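What follows is a short report on a single structure.
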Ligand code: FE2
């Protein structure tokens, strides 16, 4: 057994996104342009009084978007006909595949909206598959009790349990973890998988290094990670096997080559995305 240490700590960068939203970006920014198979990680914060802000209609192709809410709620609409609303502790997993146009807009009144959006790449063989959408209600997300921690498991496996998201190409571990006592908790991770942690309300320590909130801690390889902090310290733990293919990205489109991006832009401009006018 080998304990993982931190290979990089990077604070989030504030980036304007959508309509009037500032996101706090840790993957997909200078210093960490990607973290195979992850392409982007944003912490979204929308104030209760920021009426009309959000993410109006926009396209995606070639990867998957995962939304996980902490407070408030957001409503999803897409050109495949899916409509869904997710609130605190709920998730949405959208496989853009060959193309989808969607909107993600706040629906809660008087409550600050806070959540995460993670982009997970698709292997070349899956980039042009039909789009797919999964809503994951609170009750479907199991809680796993570990030694010194509890984990809400959105996807992937941990301590013999599995999350409810199914049939996705890259099957990451996506867990919302809380320390159940002050001290250190050791969590198993698959060897060779890319892995990172992100503090939700407070920082924590790994191998004597402090990770502040609103920052990503990327881990080196190993079979476990030991996280130390006060009782109720809460963080995301995400891990997956790298895809190992070339990445060509242009805004909301992520393919393998520049030629494929060019073809995607032509498809988009000519209305060949599903449901496009
Ligand atoms: Fe989107």
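The numbers here are math on the coordinates, done by the rules we state, and not lab data. What you are looking at is a predicted structure, and each value in this text was computed from that prediction instead of being measured. All Cβ positions, even for glycine, are placed from backbone atoms using ideal geometry, and neighbour counts span all protein chains on display.
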Review point. If you build a Gaussian network model of the chain, linking Cα atoms that sit under 10 Å apart, which residue out of 198, 68, 133 swings the most?
Key: 133
Exercise for review: Mind telling me which of 118, 265, 39 comes out most flexible in a GNM of the chain, alpha-carbon contacts under 10 Å?
Suggested key: 265
Point to revise | Mean separation of Cα contacts under 8 Å (6+ apart) over length of the stretch 117-163, as relative contact order % | key: 23
Practice item. Treat the stretch 79-141 as a sphere of radius equal to its Kirkwood radius over Cα pairs and apply Stokes-Einstein at 4 °C in a medium of 1.567 mPa s; give the translational diffusion coefficient in µm²/s, rounded to a whole number. Key: 96
Exercise for review: Let me have the relative contact order for the stretch 24-181, percent, based on Cα pairs under 8 Å that are six or more residues apart.
Suggested key: 23
Practice item. Extending each Cα 7 Å along its Cβ direction at residue 201 and residue 145, get the distance between those two points in nm, one decimal. Key: 2.2
Exercise for review: Would you give the gap between the C-alpha center of the stretch 11-46 and the C-alpha center of the stretch 254-275, rounded to a whole Å?
Suggested key: 23
Review point. According to the Kirkwood expression over distinct Cα-Cα pairs, how big is the hydrodynamic radius of the stretch 21-67, in Å?
Key: 12.5
Study note, to complete from the structure: At 10 °C and 1.306 mPa s, the Stokes-Einstein diffusion coefficient in µm²/s for the chain, with hydrodynamic radius from the Kirkwood sum on alpha carbon pairs, is 83
Exercise for review: With an 8 Å cut-off on Cα pairs and a minimum separation of 6 or more residues, tell me the relative contact order of the chain in percent.
Suggested key: 21
Point to revise | Linear extension gain, residue 129 paired with residue 49, 0.36 nm per residue minus alpha-carbon span | key: 24.9 nm
Review point. Going by average Cβ neighbours within 10 Å, how do the peptides 51-60, 21-30 rank, with the highest at the top?
Key: 21-30, 51-60
**Study point:** Three principal axis lengths of the stretch 118-277 [C-alpha, angstrom, descending]
**Key:** 57, 33, 27
